[in-house]
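To keep things clear, I will list the structure first and then write my remarks on it.
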Amino acid sequence: MGEKIPGLEQLQALVDQGENIVFFGGAGVSTESGIPDFRGQDGLYRQQWAYPPEEIISHSFFMARPEEFYRFYRQKMLWPQAKPNAAHLALARLEEAGKLRWVITQNIDGLHQAAGSRRVLELHGSVLRNYCMDCGRQYPLEFILESQGVPRCSCGGLVRPDVVLYEEPLDQGILRQAAEAVAEADLVMVGGTSLGVWPAAGLLDCRRGGRLVLINKSPTPRDAQADLLIQAPIGQVLGSLRLGKMD
């Protein structure tokens, strides 16, 4: 299983025993694919811009200054060249083996589906989907990448990404599904998230006795609640699991 990771054997035992595993992940899951972590040491929120990033990717800013929003969005939030890493691929294999019931993600990059995962709950939407705010016509990511300035629908309406901006509520149907998945799980694996973004972080309060594993390079507010805590890169950890004999 490669270089020894503290806690890896315990995680292997929990995964082997689990029959209804749920994975809940954040930005750290995609950093190994070259997508910057929003809040990491070199993350998006620590970079210089004309406006604070939190303001730029808010609903009110998008409506008031869509051209400035899209300039930032295309440069800092779209990573079409990114590929799934070892974490994404391991989770897809866990699902294929019948172990993993759901991936719940705060990411908007679509890499879980690119790796082969089918049961994915996207709490914050996806950059791969875009729609006209007037007529509802759907547009792919390529439309945003190939357009200049503010992308417009053939009807003239403003096209926006299907992502949850600041000041906007999460999709309550998806949030409810995620809460039910966590409640029913016999093992909840959390990885690559600081557990500091609400209401997503509150999903762990829905657990009904399932084991909790936290895999994150830095401490989180929920570390004391974990049955197993592994402070290592998520791709290294999940990529080291034995997944081939689960059928």
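The values are calculated or read from the model by the stated rules, or taken from the named source; none is laboratory data. Everything numeric in this text was worked out from a predicted model, so none of it was measured. Every residue, glycine among them, receives a Cβ derived from its backbone with ideal geometry; neighbour counts consider all protein chains shown. Each accessible area value is taken on the protein alone, full model and side chains, heavy atoms only, with ligands, DNA and RNA left out. Shrake-Rupley method; radii C 1.70, N 1.55, O 1.52, S 1.80 Å.
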If you go through the stretch 134-149 one residue at a time, do you hit one that is closer than 28 Å to Gly26 by Cα, aliphatic (A, V, I, L, M) and open to solvent by 30 Å² or more (accessible area, probe 1.4 Å)? yes
All but one of (1) under 25 Å from Lys4 (Cβ atoms); (2) open to solvent by less than 40 Å² (accessible area, probe 1.4 Å); (3) modelled with pLDDT under 95 hold for Val237; which doesn't? (3)
Can you pull out the residues in the stretch 123-149 that are of a type in the set (A, V, I, L, M) and more than 22 Å from Gln81 (Cα to Cα)? Leu123, Met133
Strands (runs of 3 or more DSSP E) completely within the stretch 178-247 that count 1 or more residues being more than 15 Å from Gln106 (Cβ to Cβ) and without any contact (Cβ under 8 Å) to a residue 24 or more places away in the chain: none
Residues in the stretch 144-159: is at least one within 24 Å of Gln75 (Cβ to Cβ) and within 20 Å of the chain's Cα centre (by Cα)? no
Go over the candidates Leu229, Leu195, Leu243 one by one and state the one that is touching an Asp or Glu at 6+ places or on another chain (Cβ under 8 Å), of a type outside the set (Lys, Arg) and either modelled with pLDDT under 95 or more than 24 Å from Ser126 (Cα to Cα) (or both). Leu229
Name the pairs: first residue in the stretch 150-176 and open to solvent by less than 30 Å² (accessible area, probe 1.4 Å), second residue among the basic types (Lys, Arg), Cβ to Cβ under 9 Å, at least 6 apart or on different chains? Pro151/Arg160; Cys153/Arg137; Gly157/Arg137; Leu158/Arg152; Val159/Arg137; Val159/Arg152; Pro161/Arg129; Val163/Arg129
